[in-house]
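Asks: Got a structure here, written out as structure tokens. Questions coming.
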Amino acid sequence: MYGNWLTFVDAREKAFLHGIFVAVFWILLIAAGVLVANYLVQRFFADVTPERRELHTMRTVALVVIQALGVALILLVIFGVPNNFATFIALATAGVTVAMKDFIVGFVGWFVLMGKDGIRPGDWVEINGVGGEVLEVGLFRTVLLETGNWSDAAHPTGRKVAFVNSFAIEGHYFNFSTSGQWAWDELQIQVPANLDPFSTAEAIQKIAADETAANSRQAEEEWTRVVPSYAKRKFSAAPSMSVKPTGGGVSIIVRYITRVRDRQEVRGRLYRAILELLHRHEIAEEAPRRA
């Protein structure tokens with residue numbers, strides 16, 4: 001009996017040593033595979049220029065995934081496969097889901113942004129109060145070229161702003177490119193007390209209507225086309241005007257439709273025409289007095 005027991009112990013000892021050598025062999029093999037994979041990835045991305053930041057990000061992600069996979073395989077070699085492997089995988093998946101919720105929601109948000117009502121590079125959008133032109137719509141992030149608020153939308157700041165795509169799921173965004181990038185602008189004109197406010201206001205409104213007639217017509221057509229057929233309604237993009245008395249005369253506010261990128265140009269033309277109008281009216285008012 002003792003002889004059989006010693007033989008059994010000797011066999012178990014040899015099997016244990018054999019298992020250690022096999023485990024060490026697999027660990028070394030996995031480590032060598034990780035090193036080779038790291039070398040190949042770094043060599044593949046060695047010629048990437050600094051401007052290709054997305055490729056640098058892919059390199060970092062690839063290296064992290066390779067190393068994490070190597071560590072996981074080494075742990076499986078050392079401790080073996082758990083008895084309740086399905087339960088272990090379920091718990092690990094739940095933990096990863098909670099820890100990487102933002103990345104998962106951002107990835108799902110990318111599919112939303114790629115849909116019919118999404119955004120594309122070159123669109124003018126506003127996300128979380130930041131307006132700008134879309135430069136990139138990635139798997140996890142959207143990058144904008146900031147252009148300030150919409151009162152100065154024609155002047156970029158030169159700053160890039162990145163948002164995780166989760167805003168498409170958890171928040172909201174405005175896309176100003178879906179209907180021609182239209183925006184309402186206004187001019188405030190101070191009319192002197194010596195001029196007739198009624199005729200001056202009518203003349204200013206006519207100038208605004210003539211200058212923006214083409215934009216108003218096109219904006220109405222595009223708005224009608226964007227709205228679903230079951231919700232058709234009449235849109236009006238005609239200029240509006242309000243007049244209120246002030247201490248030194250009358251203040252006239254004219255609101256009109258314009259393209260975002262043409263805002264400064266349209267405003268300049270209107271200012272020039274209105275100044276010429278006021279100058280002619282002043283000359284007409286002063287002519288009888290001189291006579």
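The values are calculated or read from the model by the stated rules, or taken from the named source; none is laboratory data. Everything numeric here is computed off the predicted structure, so don't read it as measured data. Here Cβ is always computed from backbone atoms with ideal geometry, including for glycine, and neighbour counts include all displayed protein chains.
Asks: Out of the residues in the stretch 252-291 that are over 23 Å from TRP223 (Cα atoms), touching a strand residue (DSSP E or B) at 6+ places or on another chain (Cβ under 8 Å) and not aromatic (Phe, Trp, Tyr), which is modelled with the lowest pLDDT?
Replies: Only one residue tops the list, namely GLU282.
Asks: For the condition modelled with pLDDT of 80 or more and not β-branched (Val, Ile, Thr), what is the one hit in LEU55, LEU35?
Replies: Only one candidate qualifies: LEU35.
Asks: Can you say whether ALA32 is over 23 Å from LEU69 (Cβ atoms) and not in a loop (DSSP other than H, G, I, E, B), as far as the supplied structure shows?
Replies: Against the criterion (over 23 Å from LEU69 (Cβ atoms) and not in a loop (DSSP other than H, G, I, E, B)), ALA32 does not qualify.
Asks: Further, regarding this structure: Would you check if there is a residue in the stretch 78-89 being at pLDDT below 80, touching a Phe, Trp or Tyr at 6+ places or on another chain (Cβ under 6 Å), not hydroxyl-bearing (Ser, Thr, Tyr) and not in a helix (DSSP H, G or I)?
Replies: Yes, there is a match, as at least one residue in the stretch 78-89 is at pLDDT below 80, touching a Phe, Trp or Tyr at 6+ places or on another chain (Cβ under 6 Å), not hydroxyl-bearing (Ser, Thr, Tyr) and not in a helix (DSSP H, G or I).
Asks: Loosely packed, with under 10 Cβ neighbours inside 10 Å and at pLDDT 75 or above, is that true of ARG12?
Replies: No, not satisfied.
Asks: With the requirement that a residue be surrounded by 14 or more Cβ atoms within 10 Å (Cβ to Cβ), assigned to a loop (DSSP other than H, G, I, E, B) and modelled with pLDDT under 75, what does the stretch 205-246 give you?
Replies: PHE235
Asks: Then there's this: Condition first: farther than 18 Å from VAL266 by Cβ and either touching a Ser or Thr at 6+ places or on another chain (Cβ under 8 Å) or of a type in the set (Ser, Thr, Tyr) (or both). Now tell me which residues in the stretch 184-204 satisfy that.
Replies: Answer for the stretch 184-204, where residues must be farther than 18 Å from VAL266 by Cβ and either touching a Ser or Thr at 6+ places or on another chain (Cβ under 8 Å) or of a type in the set (Ser, Thr, Tyr) (or both): GLN190, VAL191, SER199, THR200.
Asks: List pairs: first residue in the stretch 5-33 and touching a residue at least 40 places away in the same chain (Cβ under 8 Å), second residue aromatic (Phe, Trp, Tyr) anywhere in the structure, Cβ distance under 9 angstrom, at least six positions apart or on different chains.
Replies: none
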